[in-house]
Structure formats: structure tokens, C-alpha cells
Number of protein chains: 2
Amino acid sequence: MHVLILGAAGMVGRKLAERLARDGQLAGRTVSQLTLHDVVPPAAPAAAAGAGFEVSAHTGDIAEADTINALVAGKPDVIFHLAAIVSGEAETDFDKGYRINLEGTWGLLEAIRQAEFVPRLVFTSSIAVFGAPFPEPIPDEFHHTPLTSYGVQKACGELLLMDYTRKGFVDGVGIRLPTVAVRPGKPNKAASGFFSGIIREPLSGQEAVCPVGPEVRHWVASPRASIGFLIHAAELPGEKIGPRRSLTMPGLCVSVGEMVEALRRVAGDKVADRVRWERDPFIDGIVAGWPQNFNPRRATELGFQADPDFETIIRIHIEDELGGRIPG
Amino acid sequence: MHVLILGAAGMVGRKLAERLARDGQLAGRTVSQLTLHDVVPPAAPAAAAGAGFEVSAHTGDIAEADTINALVAGKPDVIFHLAAIVSGEAETDFDKGYRINLEGTWGLLEAIRQAEFVPRLVFTSSIAVFGAPFPEPIPDEFHHTPLTSYGVQKACGELLLMDYTRKGFVDGVGIRLPTVAVRPGKPNKAASGFFSGIIREPLSGQEAVCPVGPEVRHWVASPRASIGFLIHAAELPGEKIGPRRSLTMPGLCVSVGEMVEALRRVAGDKVADRVRWERDPFIDGIVAGWPQNFNPRRATELGFQADPDFETIIRIHIEDELGGRIPG
């Protein structure tokens, strides 16, 4: 089986490639070829999948027809489309966001249609397709109401994915990822960054500022659970999904206060007390418009599995990123 | 004021141009210039709006950048975007539907953005953005679930309209028209055509076949009410609408049996008995997936007015299309 990952240099793409190399199989078939693509050179996974596991890495702009046609020419059995301009950048660079997130996704669908083969295409959408006001919790019957350019681009991607699938041009599954936490690496400037930072930094001996009150709730999934969603989406029989091809993934609805208390139970007072509460009205205002809680019944019935609780999410971070130990 | 109508040769476009020529004003301002565009030459309205009312007619392909840029270069104050490949053709000609309905709409938004002016843009969307299963009635909080290419193209158009409006590039209002009935003219092959045919043909002395049972309900508006929606959408203060810029228009939820009984009350047994009931499983199957009933609270609160009842819809057809008399 040949697997293509678009957006392979990002955090999720890297972890997905590692997982595929480790498993060596997908949907009950041996993975023999893994093609990685990103706008910067993606690294081959460190884990070895044994002989006969061929990895190739490519760099380019997926919104260019030549680039995407060349990637699709190899007729991969499964394509993971993770490539995207993130929310903040799509909001400040209108042209770039539309070019990559909408033209790029549409161009991928067209390239597949023109190449006349029908791969499973796993498209990472986002809970940004929902904008306030929301019902509480948000049911599967509540549909697109984005309030950002990124959300509009993802919503249009979902709609196109549905139609190209309905027409038999591709076998698409869209998954709306929760906010992924705890993200490894350095703090970034995303408005949602603090959901990871308030756990990651204290565990590394550093202070972290929480810019919202402890009562603020959010919808999160660990990187490990998120990779599990991607794998399950690749393996799911299409006929089970029905015509509405995009699914809200099961996350955990957890308040910031509960996150810090979970950190206290896992790592002790000294670590948890490194969180400083300092409300930032700007970030507070942005976060107020975000969805907080879902009832992801369809995805749950289809076998997508959420993290059991936030303590587990913290332990996953310690295991996968800190070698199982809490420094300092 | 300068008004541009894209799709001016269609039934709705023609009636809108006539209405503007008759009124001579829009949103309290004198209309001095009316630009009509379609893929076939649009006719200038018959009604005279007096001196100083300039009409120009243009023909071309709105999905071509040169064409749309030239139309937008005149910086019209209000643009009515009615141009579309209809549902049936968008389903059979995938490329043409996407080219005109999605690329064309996106191209229009981009042309406006590049020309750096902010017109009121009235976009005719459709209840085809909704696909089964539905709540009953469908509330304003139920969003995009299209099951056709046409519905996907209109839903993406709504999303883009929202985002370009939010960014201040255009002042957009999307209106989801009910099925327009009674459509004047010859029967067409649209699956929805019989909703008009079972009234229009009997009133003209001809037999009409009804391919679904009398219990089938649908969501309809007269051509006159539909033109009223367009005018009201052009005049509505944007700040009243809020960020969700597309609105389901108030139609009448009426069963086919009720339609024929209304025809009986208006025009007598002889006319109503010209409807022959002959169930067509193919059309019956298509219609079963269509929305039937809405609660269009937002549009109603914003002052959009539905037809009062189906008898009125029949009388409007007799007045506007048959010179006030029932032939034969």
C-alpha cells in the first residue's frame, strides 16, 4: 500500500509518519511506500518499518497544478491531507489562506478526479467551521457557521469533499480535529497556544501565563488521540459514514482550571504553581467566540476514541515528549 | 444610483429589471443607470423609468476575469448576482456547474475586492443548500447539508460571501429563494417544474400531469414575492443582519393537494380537473429528499414578506402573466 501525507513536516504529519513506520500497516494491508510532502523538507520517520518500506520526501507548493499532479500521479491508496495555513495566518494573509486552504484542497480533489483513481482521502478539517452563537453542547446536526477565513476555507473543503465523494471521484472522510494539546515544542503565537503552554512549560520547569479565567472551557485531544483519529478515518468503511462525510472528532470538554488541577495531581503543587493567572482581554475575547463542547455522537458510534481524561493527556505528553520523566 | 444585474436574461432577472425600471428608485435613491448582463443578450425592460434612466446590456461569461472585471469597473452601488447554472445541469455537467456557480461567484467577489469599492451584493442562494434528513420545520440554526453539486456550489458561495463581507471587501446579503411558482413560460425539464405546471397549464386550457401524490409538501414563493425579497435585500441595513449573512426566505409550505384545491377555488372545477395524478417514482424519489418546511424567523423579523396564501400566488400569476383573465 502507498500512503501520501501532505503537510508531513507539521507536528501531526510527523507523528503520523512515525506511527505508520512503526505499525508498517494500515487498514490490514502492508504499507510499502510512504510519500511525504510539505512546503519545507519533511523528515523521514525515525522508526524503521523494516525492509520494503520505501520513504520519499518532496518539497513544493500544493496549490500549483504541476506539484499536486505529480504527487497524485503515483496513485496512492490513502492520502492524508494535513497541509494548511493555520488560523491566525489565514486571517492576516487573506490571499495565502485562500490559495492554500481552498484552492489547494480543491486542486487536490481535481487532480485526483483527472487522474481517474479513487483513493481514500482523509481531510483534516477543524472545529473552526463553527462560530458563535452555539447550542450547548453542539450536536452533529449543527452545521457550518464559521466566523474566520480559516473556518470558511475548511467548511468549503468539507463541502467539496462531500460532493467529489458523492460523485465517486474520491473516497473522502473529513475529520474536525479538536484543539491538539499538549503540543510539543516552543510556545507559538496562536491564540490557542496557551492550552498547551500551561501544561508544557510548567512540566519543563518554566513559568506559564494563563490569559483566561479558570472557568473557560475548551475542546481538546492529545496528539496521540489525534493520530488515532487519522488512522481510524483511513480504515473506516465508507458505506458506514453516509453522505455527510465530515465528522466532529470526540474531544474532551475541559476547563482551564480543571487542566491545572489535573497537572497538580499528576506532577504536584510545585509544577502546577508555575501557572500564573493573568487575564488578557484580547485573548479572552477571541476565545469567547470558540466552541467549547460537542456531542460527537456520529464519530463515537463510528468508533473514534477520545482521550479518557485530561490526566491521561498530560501523561501522554510526559511519555511521548519527556521520555517518561518530569524534569526539574 | 447604478445597479448591475448578473443573470438578467432569466425569469427573475427580467422581472427585477422591469420592477426597477417601473420604480425608478432603490433604497430611497434614484436609479440612473441599469447594467444588464447574461450569457445570452438580456432584453431592456419594457417599462420606461423616464429620462435619465440609462440601460446597457452586455453578453459574456462571468467566470472570465476580463468580463467580470469590466462589469465591476463601473463600480455599481448595488449588484444582484442571479447568474447560475441550474440544479439539473450542474448535476449532469460537473465542470460547468463548478465553473459558473463557484468560480464565477468567487471571481465576482475577488473582482470587487481588487476594484476597492464596497457595493451591496445580493446573492441568490437556494434551499438546495439543505439536504435530508431535516428537522421539521427547518430552523435558522440548521445550516449547510447539501446533497447536490448545485447545493454545494451555493453553500460555498454563501460562505465566501460571509467572509468577504466580514473583511469589509463587499456588503453581501445571501437570500435562499424558495421554489418560485408559478413560473411563467413553457414547461421545463426541472424536477421541480410540475409545481408551476399544475397551475399554469390548467389555467391555459391544457392538461397537466402531477407526478407526486397530493400529500407532498413544498416551500414556494410567487415571482412577485421573490422580486420583493431581492429589493428588500438590497435595501436592508447591513448592521441589522449580523455575521450570518445568508437568510432563508419566507415561503409558503403547501401540499400539492392544497395547491390544486386553491386552483379549484380561484378558477373552478373545469380548470382544476385538468390536473391528472400520475405518480412518477423517479420524480417522487427526488422530491422526497427536498426540504418542505422552514421556520424563517430571522428573515421574517428583518421584514421579508411571504405570499399570504396559495390562492394569492395563483391570482398573481393571472394578473401578471394572463392579463387578469383566465383563457378558455
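Shape descriptor for the stretch A:123-240: Rg over Rh equals 1.02 (Cα atoms; Rh from the Kirkwood inverse mean 1/r).
In this structure, A:THR59 and A:GLU116 have a Cβ-Cβ separation that, at R0 = 30 Å, corresponds to a calculated FRET efficiency of about 0.65. How big is D for the stretch A:260-299, in µm² s⁻¹ as a whole number, if Stokes-Einstein is applied with the Kirkwood radius of its Cα pairs at 25 °C and 0.890 mPa s? Translational diffusion coefficient: 188 µm²/s. In nanometres and ascending order, the distances from the A:ARG325 label point to those of the other copies are 10.1 (point 7 Å from Cα along Cα→Cβ). Each copy carries B:GLU207; placing its label point 7 Å along the C-beta direction from Cα gives inter-copy distances of 8.9 nm, listed from smallest up.
With Cα atoms defining each centre, the stretch B:17-40 and the stretch B:275-290 are spaced 38 Å apart in the structure. For chain A, the relative contact order comes to 17 percent (Cα pairs under 8 Å, sequence separation of at least 6). Alpha-carbon geometry of the stretch B:28-79: the Rg and the Dmax are 12.1, 34 Å, given in that order.
Express in % the proportion of alpha carbon pairs of chain B at distances exceeding 34 Å.
22
Across the identical copies, the label point of B:ALA190 (7 Å from Cα in the Cβ direction) is separated from its matches by 4.4 nm, in order from shortest.
Of the residues B:ARG298, B:ARG264, B:ARG29, the one that moves most in a GNM of chain B with alpha-carbon contacts below 10 Å is B:ARG29. Building the convex hull from the alpha-carbon atoms of the stretch A:118-171 and averaging its projection over directions returns 4.0 nm². Among beta bridges identified by DSSP and lying wholly in chain A, the antiparallel ones come to about 15 percent. When a/c reaches 1.5 or more, the comparison of a/b and b/c decides; with that in mind, is the stretch A:234-274 rounded, prolate or oblate per its Cα gyration tensor? Prolate. Scaling the Cα radius of gyration of the stretch A:31-150 by the globular reference 2.2 N^0.38 Å produces a ratio of 1.24.
If R0 is taken as 41 Å, the Cβ-Cβ distance between B:ILE326 and B:ARG297 corresponds to a FRET efficiency of 0.65.
Give the residues of the stretch A:229-271 whose amide nitrogen is closer than 19 Å to a point set 7 Å from the Cα of A:ALA27 in the direction of its Cβ. From the stretch A:229-271, the list is A:229-247. Result for chain A in a Gaussian network model with C-alpha springs under 10 Å: among A:ILE198, A:ILE286, A:ILE227, the largest mean-square fluctuation is at A:ILE286. In whole angstrom, how far apart do the alpha carbon centroids of the stretch A:297-313 and the stretch B:86-159 sit? Centre-to-centre distance over Cα atoms comes out at 34 Å. Against chain B, whose longest principal axis is taken from its Cα atoms, helix B:256-267 shows a tilt of about 80°. Working from Cα positions, state the angle (0 to 90°, nearest 10) between the long axis of helix A:194-203 and the longest principal axis of chain A. Between the helix axis and the principal axis of chain A, the angle is about 60 degrees. Annotation for B:ASP140 and A:LYS75: the two label points, set 7 Å from Cα along the Cα-Cβ direction, are 5.1 nm apart. Computed over the stretch A:175-328, the quotient of the alpha carbon radius of gyration and 2.2 N^0.38 Å is 1.08.
For chain A, the longest principal axis of the Cα atoms and the long axis of helix A:104-115 meet at an angle of about 30 degrees. As a rough footprinting exposure proxy, the listed residues B:THR105, A:THR165, A:THR30 were ranked by other beta carbons within 10 Å of their own, and the order from fewest upward is A:THR30, A:THR165, B:THR105. Pair-distance distribution P(r) for the protein assembly as shown, from all Cα-Cα distances in 20 Å bins starting at 0: 18, 46, 28, 8, 0 percent. Stokes-Einstein diffusion of the stretch A:8-51 at 20 °C, 1.002 mPa s viscosity, Kirkwood radius from Cα pairs, rounded to a whole number: 200 µm²/s.
Closest approach of a chain A Cβ to the axis relating A and B (residue, whole Å): A:HIS143, 2. Scattering from the stretch B:244-314 was approximated by placing one identical point on each alpha carbon and applying the Debye formula without solvent; log10 I(q)/I(0) at 0.12, 0.13, 0.21 1/Å stands at -0.47, -0.55, -1.00.
Dipole size of the stretch A:219-303 about its Cα centre, with +1 on Lys/Arg Cβ and -1 on Asp/Glu Cβ: approximately 180 debye, rounded to the nearest 20. For chain A, a simple Cβ point-charge model (Lys and Arg +1, Asp and Glu -1, everything else neutral) yields a dipole of about 460 debye relative to the Cα centre. For the stretch B:175-328, the antiparallel share of DSSP beta bridges with both residues in that region comes to about 35%. Result for chain A in a Gaussian network model with C-alpha springs under 10 Å: among A:PHE123, A:PHE142, A:PHE304, the largest mean-square fluctuation is at A:PHE142. Computed about the Cα centre, the dipole magnitude for the protein assembly as shown is approximately 320 debye when only Lys and Arg (+1) and Asp and Glu (-1) carry charge, each at its Cβ. Between A:TRP277 and B:LYS96, the C-beta separation translates, for a Förster distance of 60 Å, into a calculated FRET efficiency of about 0.55. Most simply put, the protein assembly as shown has about 15% antiparallel DSSP beta bridges, counting only bridges with both residues inside it.
The numbers here are math on the coordinates, done by the rules we state, and not lab data. Please read all numbers here as calculations on a predicted model, not as lab measurements. Cβ sites come from the backbone with ideal geometry, for glycine too, and all protein chains shown count toward neighbours.
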